[in-house]
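K.L.:
Below is one structure. I have some questions about it.
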Amino acid sequence: MTVSANGSLALAGITKSFGAVPVLHGVDLAIDDGEFVTIVGPSGCGKSTLLRIIAGLEQQDSGTVSIGGRTVDDERPKDRDIAMVFQSYALYPHLTVFDNMALPLRMRRLSKFERLPLVGRALPDAVRRERELVAGVLEVARTLKIEPLLRRKPGQLSGGQKQRVALGRAMVRHPRVFLMDEPLSNLDAELRVHMRAEIAQLHRRLAATFVYVTHDQAEAMTMSDRVVVMMGGHILQVDAPGRVYADPADLQVACFVGSPRINLLPGVVSATGVVDILGMALALPRAPAVGTRLQVGVRPPVVGVGPASGAGLQGRVTHRENLGSDLFVHVSVADEVPSVVARCDPDRLDSVPIGGAVSLSFAPDKVLLFDLDGKRQRGNA
Amino acid sequence: MARRDDRRAAATLAGPASFLILVFILGPVIGVILLSLTDYQLGARGLRFIGADNYATLFADRTFMTSLRNTLVYVGVVVPTSVALALGAALLIEAGAGLRAFYRAAYFLPVMATLIAMAIVWEFMLHPNFGLINLLLRWFGFQGRDWLQDRSTVLMTFAVIGVWQSLGFNMVLFMAGLTAIPRELYDAAAVDGADDAWERFWTVTWPMLAPITLFVVVISAIRSFQVFDIVQLLTHGGPNKASEVLLHTMYTEAFTFFRTGYAAAITVVFLGFVVALAAIKVMFERRTRSA
């Protein structure tokens, strides 16, 4: 494999400040050739800045970016073998769809002189290259099923169509790395779900490296090989989507991923291997030292709802959300703690009336422990 | 039923504005057109309908033809120069980091200033003996000129003043247009390979400024056609008609020679140019909107 055909990506110690405001604090990340990696985090966490640094649109204060094993810090965006899809699509409004898609090829393959209107057409070499370029654009348009749109201007396209054209413009050069900055956030919900699947399929077909930035955890969980969770300019965790959910390294990750949010209850290690949660003793064999105060995280599907007489945490149903496939039951267990959300089978709707008393139980091996700073305590791992 | 009510409501609502347009714009225009077909003189008791005679006289009149040619030359120099310089200035100011507000204010000053006052300043600066311009030229070893009394320089001198005056206005319009261009387009252009200043300008800036440019060109052209006050103040169209312009000719005919009908014909010619410019603007705007 030649170096240029390798779409691996490595970031080492990337820092960036805007004026006095630090945005990235030493980010390290390695992405394999052909991987689909999603960078997810709340707005302002630095994920878009990181993407722009990879693209070369922003210069990092320190650290290095390597693409395909080659340091590209001094290279301009067009020389980095990357393509980018923007949130606003950034199509050139005065050019047709065809010309929008052809522009990156014309910029690369034709000289300044050959790109001149009229004059350029008269040069034999340019005519031949223009013909090749047309073939390239048509092939991509066929792949994306946008051939009927080629003569239109961006103003005459719907959001979904613009999205496809923006993808097309990125694809024509066959870059090794695709960078996508919240490409679906301007689409309506239904189209977003559809495009999610389409982009994932596109990734499989192109076998190129995709770096995808989003604030939407559903996009991160459904599309990617690995998820990078970023907060406050730090990478908190890099893992497969399933592991980010089931085995978060940090309380912030646990809270950010998963809907409804993870339940948090105060706990204290009352005896060796026993954690007391609001008066309920839970046997957790490898809990930390006696007396340690903890935050106990329990995801809604892990909460078991039983009759009031049962063992476990006693509470009262305050709210129910029946989604048809899932029934979320909100149970108030103590005044000082927010209601615990449990996921139940919708068939059990009648057994959890609002105001009714219930007991909650947690499977000990599914409970996540965090210290008061939010660091994961793998006592029950 | 409902549609007829709607129509009546629309007519009622548009009524006041339509009435004002009729009284203050269309009425006078029709009046001027009718007047241009008569031999009316200011203060005369009666008038005679003489058809297109005024227009026939007009195009045989050496003064009018000189005036028309001078006006076209003036517009032809002032519009492209002030538009190009304004675009350049706007690009430079937007590209630089500091002093943006200062430059904007400095360039805009001539637009705010009363031209009559400024004309007097220009007159002093252009004075053949103790004017700043000739003093400077002599300093550098060049021969000064009597800029306003020399037939070969007077029109170009007015053109320079015209450029000076409209530059700031055009520049502010261009700056507004520049800030409205989405940053992401420049990012996309950089990734696509258009990343030096030249390519960025032709790929993003110029096409995105096209509607503003059209507006600036049309507005500058209309304003240039209206050049009058500085000519009236500094040269009265002289020397030997070398700075005679349309509005000045019209003014002279109407208020010096009292040939109102004839002056109305000049006004109609002037209106023809302005309407043509407005029509070009509307036409282009329709086309870009439907595209």
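The values are calculated or read from the model by the stated rules, or taken from the named source; none is laboratory data. None of the values given here were measured: they were computed from a predicted structure. Neighbour counts are summed over all protein chains in view; Cβ atoms, including those assigned to glycine, are modelled from backbone coordinates with ideal geometry.
K.L.:
Answer yes or no as to whether B:PHE258 is away from every other protein chain (no Cβ under 14 Å) and either more than 30 Å from B:TYR55 (Cα to Cα) or under 18 Å from the mean Cα position of the chain (by Cα) (or both).
P.N.:
no
K.L.:
Same structure again: Going residue by residue through the stretch B:174-185, is there one that turns out to be surrounded by 16 or more Cβ atoms within 10 Å (Cβ to Cβ), within 11 Å of chain A (Cβ to nearest Cβ) and in a helix (DSSP H, G or I)?
P.N.:
Within the stretch B:174-185, one or more residues are surrounded by 16 or more Cβ atoms within 10 Å (Cβ to Cβ), within 11 Å of chain A (Cβ to nearest Cβ) and in a helix (DSSP H, G or I).
K.L.:
Something else now. Which members of the stretch B:179-233 meet the condition of being touching a Ser or Thr at 6+ places or on another chain (Cβ under 8 Å), farther than 25 Å from A:MET107 by Cβ and not charged (D, E, K, R)?
P.N.:
Hits for the stretch B:179-233 are B:SER220, B:SER224, B:PHE225, B:VAL227, B:VAL231.
K.L.:
Do you know which of the residues in the stretch A:168-194 that are touching a helix residue (DSSP H, G or I) at 6+ places or on another chain (Cβ under 6 Å) and assigned to a helix (DSSP H, G or I) is nearest to the other protein chains (Cβ to nearest Cβ)?
P.N.:
A:ARG169
K.L.:
Look through the stretch A:326-337, keep the residues that are of a type outside the set (A, V, I, L, M, F, W, C) and modelled with pLDDT under 90, and return whichever of them is nearest to A:CYS255 (Cα to Cα).
P.N.:
A:GLU336
K.L.:
For the stretch B:196-214, what are the residues that are buried (at least 21 other Cβ atoms within 10 Å of the Cβ) and free of Cβ contacts under 8 Å to residues at least 60 places away in the same chain?
P.N.:
B:THR203, B:VAL204
K.L.:
Please indicate, with yes or no, whether at least one residue in the stretch A:44-57 is farther than 30 Å from A:GLU132 by Cα and at the interface with chain B (Cβ under 10 Å from one of its Cβ atoms).
P.N.:
So far as the stretch A:44-57 goes, yes, one or more of its residues are farther than 30 Å from A:GLU132 by Cα and at the interface with chain B (Cβ under 10 Å from one of its Cβ atoms).
K.L.:
Right, something else. Which one of A:VAL305, A:VAL337 is assigned to a strand (DSSP E or B), out of contact with any His (no Cβ under 8 Å at 6 or more places or on another chain) and surrounded by 13 or more Cβ atoms within 10 Å (Cβ to Cβ)?
P.N.:
Of A:VAL305, A:VAL337, the one residue that is assigned to a strand (DSSP E or B), out of contact with any His (no Cβ under 8 Å at 6 or more places or on another chain) and surrounded by 13 or more Cβ atoms within 10 Å (Cβ to Cβ) is A:VAL305.
K.L.:
For A:VAL65, all conditions in the list (1) aliphatic (A, V, I, L, M); (2) touching a residue at least 12 places away in the same chain (Cβ under 8 Å); (3) exposed (fewer than 15 other Cβ atoms within 10 Å of the Cβ) hold save one; what is the number of the exception?
P.N.:
Answer for A:VAL65: the failing condition is (3).
K.L.:
Kindly list the number of the only condition in (1) under 21 Å from the mean Cα position of the chain (by Cα); (2) outside any loop (DSSP other than H, G, I, E, B); (3) polar (S, T, N, Q) that fails for A:GLN87.
P.N.:
Among (1) under 21 Å from the mean Cα position of the chain (by Cα); (2) outside any loop (DSSP other than H, G, I, E, B); (3) polar (S, T, N, Q), A:GLN87 violates only (2).
K.L.:
Can you pull out every residue in the stretch A:73-115 that is of a type outside the set (Phe, Trp, Tyr), without any contact (Cβ under 8 Å) to a residue 24 or more places away in the chain and within 13 Å of chain B (Cβ to nearest Cβ)?
P.N.:
Within the stretch A:73-115, the subset of a type outside the set (Phe, Trp, Tyr) is A:73-85, A:87-88, A:90-91, A:93-97, A:99-112, A:114-115.
Adding the requirement that they be without any contact (Cβ under 8 Å) to a residue 24 or more places away in the chain leaves A:73-77, A:79, A:99, A:110-112, A:114-115.
Across the stretch A:73-115, the qualifying residues are A:GLU75, A:ARG76, A:PRO77, A:ASP79, A:ASP99, A:LEU110, A:SER111, A:LYS112, A:ARG115.
K.L.:
In the stretch A:58-72, what residues are among the polar types (S, T, N, Q) and either away from chain B (no Cβ under 13 Å) or in contact with a Leu (Cβ under 9 Å, 6 or more places away or on another chain) (or both)?
P.N.:
A:GLN60, A:SER62, A:THR64, A:SER66, A:THR71, listed by residue number.
K.L.:
Filter the stretch A:26-62 for residues that are out of contact with any helix residue (DSSP H, G or I) (no Cβ under 8 Å at 6 or more places or on another chain), of a type outside the set (D, E, K, R) and over 30 Å from A:CYS255 (Cα atoms) and give the result.
P.N.:
A:SER62
K.L.:
So, in the stretch A:261-301, how many residues would count as being in a loop (DSSP other than H, G, I, E, B) and within 20 Å of A:GLU336 (Cβ to Cβ)?
P.N.:
Number satisfying all stated conditions: 5.
For every residue, the table says whether it meets (1) touching a Phe, Trp or Tyr at 6+ places or on another chain (Cβ under 9 Å); (2) in the same structural domain as A:GLY26 (by TED's automatic domain parsing); (3) not in a strand (DSSP E or B).
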site: A:ALA83; (1), (2), (3): yes, yes, no
site: A:LEU91; (1), (2), (3): no, yes, yes
site: A:ASP99; (1), (2), (3): yes, yes, yes
site: A:ARG142; (1), (2), (3): no, yes, yes
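K.L.:
Also: Any residue at all in the stretch A:20-43 that's within 27 Å of A:PRO241 (Cβ to Cβ), among the aromatic types (Phe, Trp, Tyr) and part of a strand (DSSP E or B)?
P.N.:
Taking every residue of the stretch A:20-43 in turn, at least one turns out to be within 27 Å of A:PRO241 (Cβ to Cβ), among the aromatic types (Phe, Trp, Tyr) and part of a strand (DSSP E or B).
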